Amino acid sequence: MLSTLLIFAFFLPCCLSLPIIPKDILDDFDFFKDYFHRFFFTEEESLYSTMEDQLRFLQHFFRLEETGWLDEPTKAIIRQPRCGVRDIADYSFFPGKPKIKNNPITYSVINYPRGMSPRTVERILRKATEVWSSVTPLKFRRVYVKDSDIEFAFLYGDHGDGYPFDGKGEILAHAFAPHPVYQGTIHFDKDEDWSHSEEGINLFLVAVHEIGHALGLRHSQDSDSIMYPIYQYQDPKLFRLSDDDIIGIQTLY
């Protein structure tokens, strides 16, 4: 409905008074455009699709009712904390299906978040790697050298990789696909309130998700999957990979 209103307004003769669109609606509209271009298709890729098409595409991905409107369920889901990696569908892989060739996979920890002891962080990250090794032949080994297969780091704002964090709020972390030349990296936004419980953002759950990316998995449409882009708390003691996660990782490894 909003897109229709804007299109209608655009083509009205300049001498006519345009309808006044409330600022909160325009703010939601701008937020959606930025969100869609960051996580689905860039502005250039979206040139030949209407706003209604883009809304339906996003709604289809998140398995919402495909209204083509910027309705309340759509606004709610794009405002939730999430991973900074772009979205695709079901379990899926990065182009070329890259994966880490080494086994055991080595990992290093560059620094730690505020409010959590290094010992606690190390325990959580080790547990997160064990989630993936429990369903594959993969093993993980903590090392203290620079050239590890995966590097964990907690960083602020614009940290030099072209994917700046936004401070406490929307983007929690991101990771890069396996690469044959340079090591894998997993970055957590240091501004977040990281925790080992339901308070703040649970580090274990986000680490499992980002390790999935570092191993070669992209995002999933399945809301039960740990590779679903939206952060959803669940008790780490009861955590299990979904069938979607297991099929995806076992297809690669």
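Nothing in this text is a laboratory measurement; each read-out follows from the coordinates by a stated rule. Keep in mind that this is a model prediction, so the values were computed, not measured. Here the Cβ is made from the backbone with ideal geometry for all residues, glycine too, and neighbour counts use every protein chain on show.
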Computed from every Cα-Cα pair in the chain, P(r) in 10 Å bins starting at 0 and rounded to whole percents is 7, 29, 33, 19, 9, 4, 1, 0
Across 10 Å bins beginning at 0, the whole-percent shares of Cα-Cα pair distances in the range 138-253 come to 13, 43, 37, 7
With Cα coordinates, the longest principal axis of the chain makes an angle with the long axis of helix 51-61, in degrees rounded to 10, of 30
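Once the Cα gyration tensor of the range 33-114 is diagonalised, what are the square roots of 5 times its eigenvalues, in whole Å and ordered largest first, as equivalent ellipsoid semi-axes?
Numbers: eigenvalues 197, 59, 32 Å².
For the range 33-114, the ellipsoid semi-axes come out as 31, 17, 13 Å.
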Highest GNM mean-square fluctuation among Arg119, Arg38, Arg79, for the chain with Cα springs under 10 Å, belongs to Arg119
Across Glu192, Glu65, Glu45, the residue with the highest GNM fluctuation in the chain (Cα network, 10 Å cutoff) is Glu45
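So, R0 is 45 Å and r is the distance between the beta-carbons of Asp71 and Lys127; what FRET efficiency does that work out to, to 0.05? Before the final figure, lay out the partial values.
Details: r = 39 Å, r/R0 = 0.86.
Efficiency for this residue pair is about 0.70.
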Restricting to Cα pairs under 8 Å and 6 or more apart, the percent relative contact order of the range 105-252 works out to 23
Taking Cα atoms, the helix 243-252 axis meets the longest principal axis of the chain at an angle in degrees (rounded to 10) of 70
Placing each pseudo-label 7 Å from Cα in the direction of the beta carbon, Phe239 and Tyr156 end up separated by a distance in nanometres of 2.7
The helix 23-39 Cα axis meets the longest alpha-carbon principal axis of the chain at an angle in degrees, between 0 and 90 and rounded to 10, of 40
Across Gly200, Gly212, Gly160, the residue with the highest GNM fluctuation in the chain (Cα network, 10 Å cutoff) is Gly160
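Provide the gained length on full extension for the span Arg142 to Asn111, in nm with one decimal, where the gain is 0.36 nm per separating residue minus the Cα-Cα distance. If you can, show how the numbers build up before the last one.
Details: separation 31, 0.36 × 31 = 11.16 nm, distance 1.38 nm.
Additional length available on full extension: 9.8 nm.
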Taking N as the number of residues in the range 110-204, the ratio of its alpha carbon radius of gyration to 2.2 N^0.38 Å works out to 1.10
Over the chain, the sum of -39500 (n - 2.57) across DSSP H runs of at least four, divided by residue number and rounded to 500 deg cm²/dmol, gives at 222 nm -10000 deg cm²/dmol
Using alpha-carbon coordinates alone, the radius of gyration and Dmax of the range 68-126 in Å work out to 18.0, 48
